[in-house]
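Trainee: Quick one: the structure is below, questions incoming.
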Amino acid sequence: MNKLMLGNEAFARGLYEGGCRLISSYPGTPSTEITEYGAKYDDMYAEWAPNEKVAMETALGASIAGARSFCGMKHVGLNVAADPLYTASYTGVTGGMVIAVADDPGMHSSQNEQDSRHHAIASKVLMLEPSDSAECKDFTKTAFELSEQFDTPVIVRLSTRVSHSQSIVNLAERVDIPVKPYVKNPQKYVMMPAFAKGRHVFVEERTKKLVEFTEKSDLNRIEINDSEIGVITSGIAYQYAREALGDSVSYLKLGIVNPLPERIIKDFAAKFKKVYVIEELDDVIETHCKKIGVNVIGKELFGFIGELSQSIIAEKILGKKTEFTEFPENVPVRPPVMCAGCPHRGLFYTLAKNKITVSGDIGCYTLGAAAPLNSMDSTICMGASVSALHGMNKINGSEGEKRTVAVIGDSTFIHSGITGLINIAYNATNSTVIILDNSITGMTGHQQNPTTGYNLKGDPASKVSLEALCKAVGINRVRVTDPYNMKETEKTVLEELAAEEPSVIISRRPCALLKYVKHKPALSVDRDKCKSCKMCLKIGCPAISIKNGKAQIDKTLCVGCGICTEMCKFNAIGK
């Protein structure tokens, strides 16, 4: 049967058909849906791990136990999982192990634009790159086979456009792969120096075999057309090139992007007067071509930044510019904002009002950096808010401690914030950390986490007590506040900043978009009382606007949180 599928959905189907038994991932756009779709198949156990490192170690453990396993993450998640990845390259696998990493050219939802092919190169692990949904499914199944054939984890590299576009997929039945019996083998799996030295020899020999495999694998495909131009490409860039250039050029489509072949590239390039390398982000294929003596044209045309497109490729190679119609009106920008009723809004207004320096973190609350709140001074990576706060306070001393906080979401705190908090307690700064507990992992689409009390499938699970956890690592001052009560929130923040010891404030209110949250009636503005002072606009609520000089509230958006009523000194806002 054929079915129209998202790339991520097709990937999950490939896991199912390929006999995968365990899925452990951490949500991260654009990879999240692989695990969510995978959880719908009862033949595969699926879980959200606290972070990507734990997910990869769990998947490796399942592989050592003899089962086919999977872990998925976005590109920056692979940084977190790099420690087990590089050593798993040495240990190899028992059951096939597949890793999905979804890059984000254009940074649609990420803090950087790194190219995950570098991790594959550095760890000396096989990496495949599909270009559509059908290949997502097929490459995933093939990845399991290659993992077991070459005794290696296999990374499948996706991108935002492959993960979130749809194409036709041919469905097949699941192949039931028995769990291999466990055999104790410390020389293979105990990576202390004496054993690791031998495994490094194995890795180098494996790489030679993989290079030879790439020369004859049908994952690398040549399409010869009547032309003087050749194009070497992979992944979504192949789709762009195919649509832009059609049959006017010939193609070498690389489905294996690490290690890269030599002979087929040289043989392909020898047929053409000009050879272009079309790849997003870094010049990985281009550099390889030049290293083996093949003259290609690449980044001098296409650059290192952002996504490619059909129009960019057509213009650079064929000189054809896409026609378009200009819209002469000056249309106001529509930047992303916190939702109406977002529990983080009141806290960020409090921080901005008191001119507090904010060490920020990764989550939907990062929107607190935008106008009109402008209440975030740094955002680096998961958990960095807490660690960076400690460093800032060590340099700025007691004065800095009284005007600087860290803000971090509940899921992000579990992911990478706990060790930073331990550092604050152990190495003694009077730092104030604010945990934004909205009872869910919000930014990636409402996934459960260890603080919610439910697992991936919505079943009851052990629930981490943030209060008890913070006290257990040495923080004596732990307070809970409701961010809808801005007066109480401000009082709490100022008291904890003044305290002569480290503290944690848990700003607790469920995400306004959670289905079980019951909203109050929408508020309205009494136009006679409204003085047009625009104080209500300072909180950046999308439900509030100005019409004919007076504030108005969109009843289809308002959830009755009441924060705006605290802003209005003229009692113009009410039920």
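Here, each number is a calculation from the coordinates, and none is a lab measurement. Note that the coordinates shown come from a computational prediction; the quantities given were computed from them, not determined experimentally. Note: ideal-geometry Cβ built from the backbone for every residue, glycine included; neighbour counts use all protein chains shown.
Trainee: Per DSSP helix of 4 or more residues, -39500 (n - 2.57); summed, then divided by the residues of the chain. What does that give at 222 nm, rounded to the nearest 500?
Mentor: Details: 21 runs with 202 residues, N = 575.
Rounded to the nearest 500, the figure is -10000 deg cm²/dmol.
Trainee: Between the stretch 1-78 and the stretch 404-466, what's the alpha-carbon centroid distance in Å?
Mentor: The distance from the Cα centre of the stretch 1-78 to that of the stretch 404-466 comes to 23 Å.
Trainee: A follow-up question, please. Rg/Rh for the stretch 210-326 to two decimals, with Rh computed the Kirkwood way over all alpha-carbon pairs.
Mentor: On the way: Rg = 13.8 Å, Rh = 14.4 Å.
Expressed as Rg/Rh, it is 0.96.
Trainee: Still on this structure: Which percent, to the nearest 5, of DSSP beta bridges fully inside the chain are antiparallel?
Mentor: Values: 19 of 71 bridges.
Bridges in the chain are about 25 percent antiparallel.
Trainee: Quick one: compute the contact order of the stretch 1-107, relative version, from alpha carbon pairs under 8 angstrom and 6+ residues apart, as a percent. Can you show the working numbers first?
Mentor: Working: 196 pairs, mean separation 30.4, N = 107.
It comes to 28 percent, rounded to a whole number.
Trainee: To the nearest 20 Debye, how big is the dipole of the stretch 71-154 about its Cα centre, given +1 on the beta carbon of each Lys and Arg and -1 on that of each Asp and Glu?
Mentor: Values: 5 positive and 12 negative charges, 36 e Å.
My answer is approximately 180 debye.
Trainee: Which of [x] 89, 56, 49; [y] 78, 55, 47; [z] 78, 66, 50 is the computed Cα extents along the principal axes in Å for the structure on display?
Mentor: [z]
Trainee: Also: Fully extended, how many nm does the chain gain between Glu500 and Ala371 (0.36 nm per residue separation, minus their Cα-Cα distance)?
Mentor: Numbers: separation 129, 0.36 × 129 = 46.44 nm, distance 3.23 nm.
Roughly 43.2 nm would be gained on extension.
Trainee: Here's another thing I want to ask about it. State the answer as a single residue: which of Ile297, Ala59, Leu514 lies farthest towards the positive end of the charge dipole of the chain, with beta carbon charges of +1 for Lys and Arg and -1 for Asp and Glu, about the Cα centre.
Mentor: It is Leu514.
Trainee: Computed FRET efficiency, Cβ-Cβ of Lys550 and Asn112, R0 51 Å: what is it to the nearest 0.05? It would help to have the intermediate numbers written out before the result.
Mentor: Numbers: r = 43 Å, r/R0 = 0.85.
It comes out at approximately 0.70.
Trainee: Calculate, in nm to one decimal, what Asn485 and Ile422 gain on full extension: separation in residues at 0.36 nm each, minus their alpha carbon distance.
Mentor: Numbers: separation 63, 0.36 × 63 = 22.68 nm, distance 2.92 nm.
So the extension gain works out to 19.8 nm.
Trainee: Give me the net charge of Ser234's neighbourhood, meaning all other residues with Cβ under 10 Å from the Cβ of Ser234; Lys, Arg count +1, Asp, Glu -1.
Mentor: Values: positive: Arg117, Arg157, Lys253; negative: Glu129, Glu279, Glu280.
Its environment carries a net charge of 0.
Trainee: With contacts defined as alpha carbon pairs under 8 Å and 6 or more residues apart, what's the relative contact order of the stretch 336-409 in percent? Mind dumping the intermediate values first?
Mentor: Values: 108 pairs, mean separation 25.5, N = 74.
After rounding, I find 34 percent.
Trainee: Hey, with R₀ at 45 Å, roughly what FRET efficiency would Asn330 and Glu215 work out to, going by the Cβ-Cβ distance, to 0.05?
Mentor: On the way: r = 56 Å, r/R0 = 1.24.
So, using R0 = 45 Å, E works out to roughly 0.20.
Trainee: Figure the gain on full extension for Lys394 and Glu315 (residue separation times 0.36 nm, minus the Cα-Cα span) and round it to one decimal in nm. Walk me through the numbers on the way to the answer.
Mentor: On the way: separation 79, 0.36 × 79 = 28.44 nm, distance 5.27 nm.
Length gained between Lys394 and Glu315: 23.2 nm.
Trainee: Further question: Mind putting a number on the dipole of the chain about its Cα centre? Charges go on the C-beta only, +1 for Lys and Arg and -1 for Asp and Glu, and I need it in Debye to the nearest 20.
Mentor: Details: 66 positive and 65 negative charges, 292 e Å.
So the dipole magnitude of the chain works out to roughly 1400 debye.
Trainee: OK, next. Which chymotrypsin sites (Phe, Trp or Tyr not before Pro) from the stretch 169-205 combine a DSSP loop assignment with at most 13 other Cβ atoms within 10 Å? Walk me through the numbers on the way to the answer.
Mentor: On the way: sites: Tyr182, Tyr189, Phe195, Phe202; in loops: Tyr182.
Hits after loop and neighbour filter: Tyr182.
Trainee: Here is a follow-up. At 20 °C and 1.002 mPa s, grab the translational diffusion coefficient of the stretch 286-403 from Stokes-Einstein with a Kirkwood Rh over Cα pairs, rounded to a whole number in µm² per second.
Mentor: On the way: Rh = 19.2 Å.
The calculation lands on 112 µm²/s.
Trainee: Can you list the residues, at least 5 places off or on another chain, whose amide H is less than 5 Å from the amide H of Thr481, using H built in the peptide plane?
Mentor: Those lying under 5 Å, H to H, from Thr481 are Ile506, Ser507, Arg508.
Trainee: With charges only on Cβ, +1 for K and R and -1 for D and E, what is the dipole size of the stretch 427-575 about its Cα centre, in debye, rounded to 20? Could you put the intermediate results ahead of the total?
Mentor: Working: 22 positive and 14 negative charges, 166 e Å.
So the magnitude is around 800 debye.
Trainee: Report the residues of the stretch 51-92 in range of a label on Ala196: point 7 Å along Cα→C-beta, backbone N strictly under 14 Å from it.
Mentor: Under 14 Å, as judged by backbone N against the label point of Ala196, lie 83-92 of the stretch 51-92.
Trainee: A follow-up question, please. Summarise the long-distance tail of P(r) for the stretch 471-575 by giving the % of C-alpha pairs beyond 20 Å. Please list the in-between numbers first.
Mentor: Details: 2742 of 5460 pairs.
For the stretch 471-575, the fraction of Cα-Cα distances above 20 Å is 50 percent.
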